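The values are calculated or read from the model by the stated rules, or taken from the named source; none is laboratory data. All figures in this text were calculated on a predicted structure; none of them were measured in a lab. Glycine also receives a Cβ, built like all others from the backbone with ideal geometry; neighbour counts cover every protein chain displayed. Surface accessibility is based on the protein's heavy atoms, side chains included, excluding ligands, DNA and RNA. Shrake-Rupley method; radii C 1.70, N 1.55, O 1.52, S 1.80 Å.
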Amino acid sequence: MTTEGLMIALLIFSLRVLNFAVGTIRTITTARGQRFISAILAGVGALIFAVVIAKVITDLDNVPNLLAYCTGASVGSYIGMILETKFIRSFMIVNAITAENGRDAAAVLRAEAFGVTTTVGEGKDGKVTNLRSVVDKRDVPQYLGILQEICPNAFIALEE
């Protein structure tokens, strides 16, 4: 393989990664109602795709270019997921039912800046405390760690 051939494969890979990143950002801007920016990104993404696919299709026997195209799609998809977690906040609903330390758990979680709604209920074996919170998806592990430390036997259900 020549240096020029390697550079073309690297360019195909890089443009494919960029194409996926632009597509992810376009999806985010569309979800946020930013139509003009989304339309511009759609055009940029289409241009990148056209340039890349034209280079790959003109020589389908060129294995390095095909590999660069496919690998660029994989890496671009991965980077797109990273971008999504940086730009889009998503939430989980955490429901916990515990027969012990429910009020203590709520107090500690609130001290850690988590909102918690508690209700007292009657379970199979007596009084239980229901803790319900809406938590940023990135903070769920911290929330669960606190909860499980104080209420190790709590029943916990997560909802998207």
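Assorted remarks:
- Only listed residue being over 24 Å from GLU159 (Cα atoms) and either among the hydrophobic types (A, V, I, L, M, F, W, C) or under 28 Å from the mean Cα position of the chain (by Cα) (or both), chosen from VAL63, VAL108: VAL63
- Criterion: β-branched (Val, Ile, Thr), open to solvent by 80 Å² or more (accessible area, probe 1.4 Å) and either in contact with a helix residue (DSSP H, G or I) (Cβ under 9 Å, 6 or more places away or on another chain) or in a loop (DSSP other than H, G, I, E, B) (or both) - qualifying residue of VAL120, VAL108: VAL120
Rundown of residues vs (1) at pLDDT 90 or above; (2) open to solvent by 80 Å² or more (accessible area, probe 1.4 Å), yes/no style:
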site: ARG32; (1), (2): no, yes
site: PHE36; (1), (2): yes, yes
site: ALA39; (1), (2): yes, no
site: GLY45; (1), (2): yes, no
site: ASN62; (1), (2): yes, no
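- Residue tally, condition under 27 Å from SER90 (Cβ atoms) and either assigned to a helix (DSSP H, G or I) or touching a Ser or Thr at 6+ places or on another chain (Cβ under 7 Å) (or both), over segment 1-46: 26
- Residue match in segment 3-12 (condition: out of contact with any helix residue (DSSP H, G or I) (no Cβ under 6 Å at 6 or more places or on another chain), hydroxyl-bearing (Ser, Thr, Tyr) and touching a residue at least 40 places away in the same chain (Cβ under 8 Å)): no
- Selection from segment 128-160 of residues that are of a type outside the set (Val, Ile, Thr), farther than 15 Å from LEU109 by Cα and in contact with a strand residue (DSSP E or B) (Cβ under 8 Å, 6 or more places away or on another chain): LYS137, ASN153, PHE155, ALA157, LEU158, GLU159, GLU160
- Residue under evaluation ARG132, criteria (1) open to solvent by 80 Å² or more (accessible area, probe 1.4 Å); (2) over 30 Å from THR27 (Cβ atoms); (3) out of contact with any Ser or Thr (no Cβ under 8 Å at 6 or more places or on another chain); (4) part of a strand (DSSP E or B), criterion not met: (3)
- Residues in segment 116-147 that are farther than 20 Å from ILE88 by Cβ and touching a Lys or Arg at 6+ places or on another chain (Cβ under 9 Å): VAL116, THR117, THR118, THR119, VAL120, GLY121, THR129.
- Residues of segment 141-160 satisfying the condition of being under 26 Å from the mean Cα position of the chain (by Cα) and part of a loop (DSSP other than H, G, I, E, B): GLU160
- The residues in segment 75-90 that are at pLDDT below 85, assigned to a helix (DSSP H, G or I) and either of a type in the set (S, T, N, Q) or on the phi > 0 side of the Ramachandran plot (or both) can be counted, and the count is 1.
- Qualifying residues in segment 12-27 (those that are of a type in the set (Ser, Thr, Tyr) and more than 8 Å from GLY72 (Cα to Cα)) - the one least open to solvent (accessible area, probe 1.4 Å): THR24
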